[in-house]
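K.L.:
One structure, as structure tokens, below. Some questions next.
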Amino acid sequence: MKNPLKYSLFFLSILCLIGVLSIFVVTFTSPINKNKHLFIPSNTKTISLLDSLQNTSVFDKTMIKIVDPIIELLLRRKPYSQEISLIKGTNFISFCVQLRTKQPINTVSISIPEGLNIMEIASIFRHKMKIDSVAFLSLCTNQQFIDSLNINANSLEGYLYPNTYEFYQNSTPQVVLKRLTKEFNKMWTKYCSSVEVKDQRSILTLASIVEAETPIISERRTVAGVYQNRINKGMKLEADPTVQYALKSKKRLYYKDLEIDNPYNTYRYKGLPPGPINSPSISSILAAISPENHSYLFFVARGDNSNLHYFSTTYSQHLESVALYRARNK
């Protein structure tokens, strides 16, 4: 009589093998239930990609444990950035094929300096990424698009957060603007959450003027205090950068320029202009939120290449400071 234990172990082994094969078949052929888009940066580590796959629900936890060594092998062969789209109904096999055969995506690093307006920012993206400036600027004033970004304004002027970003070369204006405003919202939540939403635009507007007036961080609260004092006294702000914004030029101003009939001309209209004139730094925003408490009503550049200013309480003192500036800049 043949050994029944030997046959039992044989059939058990066959069943285990069938079970393992079934798991692999299900793992590799189970379709995802929604469209997914992945951007895989260069030199991504296996664990980072697996976390991304799990967090975006592309594949479940059990599947990810099984495919770990396969992903690691494929990533070793793909040191560059790439973009993968998984359409609803596709499976892990198609993902592997794309990861193995997809062509690399060129990425570009973009730095947005503080104090630039939307036209200057559009120019950077046009030169660095060949993005259509007209489309970019059009979206900046498209109310439906602005509302979708959770921005309470009629223009994105002031809301394109200055920072260094990395985009892939074929990014659209929509993708770029979503990224910049997302960073703005993150910054505002982190540093300015105590400010009421209704005051956000006026804070940004004052901050943008402060940003344009002085590059010296230690002076920004003082400059903000000057403008706040003038507002409190019902005086015109008489801020040169707002006139330059109206003229769409940062040229030196002449007396005739101060007569332009434009709501951004703070020599002609009292109070803050309709909106920001650039994307200010966090230091200027904080200065606008908490202006320095003093009695100054005037300021003028020292003219000694220090970028510092003379501050005055009376107009006669201000004229003396202006005379010092002119004497240094004959």
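The values are calculated or read from the model by the stated rules, or taken from the named source; none is laboratory data. What you see is a predicted model; the values in this text were computed from it and never measured. Heads up, the Cβs are rebuilt from the backbone with ideal geometry, glycines too, and the neighbour counts pull from every protein chain shown.
K.L.:
Among all residue pairs at least 6 apart or on different chains, which show Cβ distances below 7 Å where the first residue, located in the stretch 118-134, is in contact (Cβ under 8 Å) with a residue 24 or more places away in the chain and the second is among the acidic types (Asp, Glu) and surrounded by 14 or more Cβ atoms within 10 Å (Cβ to Cβ)?
P.N.:
If the second residue must be among the acidic types (Asp, Glu) and surrounded by 14 or more Cβ atoms within 10 Å (Cβ to Cβ), the pairs left are Ile118/Glu157.
K.L.:
Between Gly234, Gly225, which is farther than 23 Å from Asn152 by Cβ and touching a Pro at 6+ places or on another chain (Cβ under 6 Å)?
P.N.:
On inspection, the qualifying residue turns out to be Gly225.
K.L.:
Please go through the stretch 133-181 and pick out each residue that is modelled with pLDDT of 95 or more, closer than 20 Å to Ser111 by Cα, hydroxyl-bearing (Ser, Thr, Tyr) and part of a loop (DSSP other than H, G, I, E, B).
P.N.:
Listed by number, the residues that qualify are Tyr159, Tyr161.
Conditions (1) among the basic types (Lys, Arg); (2) surrounded by fewer than 17 Cβ atoms within 10 Å (Cβ to Cβ); (3) farther than 22 Å from Lys198 by Cα, marked per residue:
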residue	(1), (2), (3)
Tyr264	no, no, no
Pro274	no, yes, no
Val300	no, no, yes
Asp304	no, yes, yes
Leu308	no, yes, yes
Ser312	no, no, yes
His318	no, no, yes
Ala323	no, yes, yes
Arg326	yes, yes, yes
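K.L.:
Being at pLDDT 95 or above and surrounded by fewer than 19 Cβ atoms within 10 Å (Cβ to Cβ) is true for just one of Pro113, Pro104. Which residue is that?
P.N.:
Pro113
K.L.:
Residues in the stretch 141-150: is at least one acidic (Asp, Glu), more than 25 Å from Ile285 (Cα to Cα) and surrounded by fewer than 18 Cβ atoms within 10 Å (Cβ to Cβ)? Steps first, answer last, please.
P.N.:
Within the stretch 141-150, the subset acidic (Asp, Glu) is 147.
With the extra rule that they be more than 25 Å from Ile285 (Cα to Cα), the set shrinks to none.
No, the stretch 141-150 has no match at all.
Residue by residue, here is whether (1) at pLDDT 95 or above; (2) farther than 27 Å from Phe311 by Cα holds:
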position	(1), (2)
Ile203	yes, no
Ile209	yes, no
Lys248	no, yes
Asp261	yes, yes
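K.L.:
Going by what's in this entry, would Arg221 be described as within 19 Å of Ser290 (Cα to Cα), in contact with a helix residue (DSSP H, G or I) (Cβ under 6 Å, 6 or more places away or on another chain), surrounded by 15 or more Cβ atoms within 10 Å (Cβ to Cβ) and basic (Lys, Arg)?
P.N.:
The answer is yes for Arg221.
K.L.:
Tell me which residues, restricted to the stretch 186-200, are in a helix (DSSP H, G or I) and either under 16 Å from Ser283 (Cβ atoms) or not charged (D, E, K, R) (or both).
P.N.:
Filtering the stretch 186-200 for residues in a helix (DSSP H, G or I) gives 186-191, 197-200.
Of everything in the stretch 186-200, those that are in a helix (DSSP H, G or I) and either under 16 Å from Ser283 (Cβ atoms) or not charged (D, E, K, R) (or both) turn out to be Met187, Trp188, Thr189, Lys190, Tyr191, Val197, Gln200.
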